[in-house]
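So the structure is just underneath, and the comments pick up after that.
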Amino acid sequence: MVRFRSPNARDNATRLAAAVGLAAVAAPASASFLSGETLDTAATYIAWFVVFVVPAAVIVLFWMVHVMPEKIAAKRHHPQKDAIHTLCLLSLVFGGLLWPFAWLWAYTKPIGYRLAYGTEKHDDYYLEMGKKAKAGELPDDDILHLRNELDSMAAKGTLPAGLKGLRQELDAVEIGPASGAKAGAA
C-alpha cells in the first residue's frame, strides 16, 4: 500500500495517471490541416509569395523610410532641404547608415543660417506664400510679414533673383486699410 504524506502528493499522482491515460488514447498528430496534393500546391504558392512579394515589400518599405527626412524637411520649409534630399539618396546607397543624420538634420534649424542669409526658410516657402498672396488667400498681416522678410533678405544682399521678382509682385498686391495702418504704426 502506498502512503501519501500530503494531500498534494495524492493530487499529483492522480494528475500523472490522468495524463498518461489521455496520452495513450490520443489521436496521431498532424502537422497541417492540408494533405497530399493540396499541401504541395499551398507550399508552392507560399514559396512564390516569399520569393517575390516579400522582398519587393521590404524594398518599398526601406525606400519609404529613407525618404521620410526629405519629406519632413520639405514640410517644414527647411532652408537646406536639397542637401537633406541628397543625404537621403546617399543613405540608400550606403545601406541606411546616413539615414539617422538626415533625420536629425531635417528636424534641426541650422545655426547661423539666418544670420548669413536672412531667413530660416527655403525659397520655395516664399514662392508658395507669394502665390497665396496673389490669389487673395493670405491675410494682410502675413503679406506684410512676407514683404518685411524679403526686404531684410534684400538688405543683406542674399535675395535670389526669383524672390526679387516676387517682392515686386507683392507690391502690386492690395492690402486693406486696417492692416496698412498697423504696418505704418509698426
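The values are calculated or read from the model by the stated rules, or taken from the named source; none is laboratory data. Note that the coordinates shown come from a computational prediction; the quantities given were computed from them, not determined experimentally. Here the Cβ is made from the backbone with ideal geometry for all residues, glycine too, and neighbour counts use every protein chain on show.
Here are a few things to note about the model shown:
- Filter result for the condition that a residue is more than 28 Å from Tyr126 (Cβ to Cβ) and not charged (D, E, K, R), over Ala47, Ala102: Ala47
- Residue list for region 98-130, restricted to those being part of a loop (DSSP other than H, G, I, E, B) and within 17 Å of the chain's Cα centre (by Cα): Leu98, Thr108
- Some residue of region 77-96 being at pLDDT below 80, more than 18 Å from the chain's Cα centre (by Cα) and outside any helix (DSSP H, G or I): no
- For region 61-73, a residue qualifies if it is part of a helix (DSSP H, G or I) and crowded, with 16+ Cβ neighbours inside 10 Å, and the qualifying residues are His66, Pro69, Glu70, Ile72, Ala73.
- Condition met for Trp48 (part of a helix (DSSP H, G or I) and in contact (Cβ under 8 Å) with a residue 12 or more places away in the chain): no
- Qualifying residue in region 175-186 (condition: surrounded by 13 or more Cβ atoms within 10 Å (Cβ to Cβ), modelled with pLDDT of 80 or more and in a helix (DSSP H, G or I)): no
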